[in-house]
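Remarks on the structure that follows.
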Amino acid sequence: MDDPYGIDLFNLDPVVWQLDWNLLRTFIVIVQEGSITRAASRLLLSQPAVSAALKRLEDRLDTRLIERGGSNFRVTDEGQVLFRQCVELYGDVSQLPSMIAAVQGKVSGRISIVLASNTGTGIFDAVLAEFHREHPAVTFMLTVASSAQAVQSVAAKVATAAICYAPHKQAGLEYHPFVSLPFGLYCGRGHPFFGRDDIGVQDLKGSDFVSFQPARLGDDMWFDDMVRLRRSIEANIVGHSFNMREVYRMVMAGLGIALFPIPAVAGYVARGDLWRLPPYDEAPAAEINVVTNIRSSRSLPEQLFLDALIERIAETPEEERYLDWDGITGLPPD
C-alpha cells in the first residue's frame, strides 16, 4: 500500500531500510574532522570502533567512501555525495523537537551557537540573558572552535549560527556584520622588547611569533592585512592555536610576539602583562560576523534569537560594540 504522501514505502531499495543512523552520524564526523583518529576523539570512541563503523557503512552501500592508508585521507566522489545528503538529513531531523513544540504553541528546543575564541561580547551576553528570561524552556549549546570549524558547523546545519572571524565568504551562507576588530602586535613582560619605546617595525624582523590560527590552515584562511604584516617582519612561527587564551599563555611564557585584539588586551597592557609593539598607526583589522545558513529551516526559537541578536547589533554604534570585551583569558585583569 502506498502511503498518503506518495512514497511507496514497500518498494524502496532495501539499502534505505537497512541504513543505521549511527553509522551515518559517525561518517559525518569523520569527514568533518578529516581524520579517523580525530573523529574517534570527538565521538569518545576508540579508533578501531570508528574504522569498523566506516567499514560497515561502506559494505552496506557497496562502495568506497574514503580512501585511507598511512597519511592519505581522501573523501571519494561517492563519499562527498553521501556527506551532503547526511548533512541535509541531520539538519532536518535536528529541527523535529522544535517543530513539534511550535505546533503545540510552545517556544522550546535547542539553539546551538559556535563562537570563535574571544568573539562574544556584552551584546551577545545581554541578548542571551533576555532571551532566557522570556523563553526559559529553550536550551543553549555554546561551543568554542576555530573560525573555519565554526563556519563548517553552520554550513553543515549542525549549528544555528556562528560568531566568528570571516576572512572569506562562503556561498550559501549569510554574513551579518558584527564588528571590525583592530589587532595589534604585543609581547609579554619577559620579552627583550617589553617596555621599550624605541622599537621600530624593522627591529621586529625575524622575531619568534605565536600565530592565532591552526597550523594546518594556510594563509588563505586568514586576513590579508595580518598575513602581510607577519610576512613583512619575516616572523618565525614557534606556536599556534585558534584559542586566544592559549596564544596569550604562550606569549606570557616567552615563546614570542603575537597579534591580539586591541580592545581585548587593554586591561592586560595597563596591568603590565603585555606591551604594544609597532606598527601603531595602521592596525590590521579582523571582521567578525554572525554567520547563518540560507538553506536552514530554522525553528521558532532559533529565528527569535537570531532576530533579537542581529537587531541588538544593528542598534548599537560600531564604536561601542567591543567596549565591553572581558579579556582574552575569560577573567577580568586585576
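No lab work stands behind these numbers, since they all come straight from the coordinates. Please read all numbers here as calculations on a predicted model, not as lab measurements. All Cβ positions, even for glycine, are placed from backbone atoms using ideal geometry, and neighbour counts span all protein chains on display.
Taking R0 as 25 Å, what FRET efficiency do you get between E287 and E315 from their Cβ-Cβ distance, rounded to the nearest 0.05?
0.80
Can you give me the Cα centroid spacing of the range 58-80 and the range 148-179 in angstrom?
Value for the Cα centre distance between the two parts: 27 Å.
Let me make sure I get this right: for the range 181-286, a, b and c are the square roots of the gyration tensor eigenvalues over alpha carbons, sorted descending. Under 1.5 in a/c it's rounded, otherwise prolate if a/b > b/c, else oblate. Which is it?
Because its axes are fairly even, with a/c under 1.5, the range 181-286 counts as rounded.
Specify whether the C-alpha gyration tensor of the range 134-201 places it in the rounded, prolate or oblate class, a ≥ b ≥ c being the square roots of the eigenvalues: rounded for a/c under 1.5, otherwise prolate if a/b is larger than b/c and oblate if not.
The shape class here is prolate.
Where a ≥ b ≥ c are the square roots of the eigenvalues of the C-alpha gyration tensor, would you call the range 236-311 rounded, which needs a/c under 1.5, or, failing that, prolate if a/b is larger than b/c, or oblate?
Verdict is prolate for the range 236-311.
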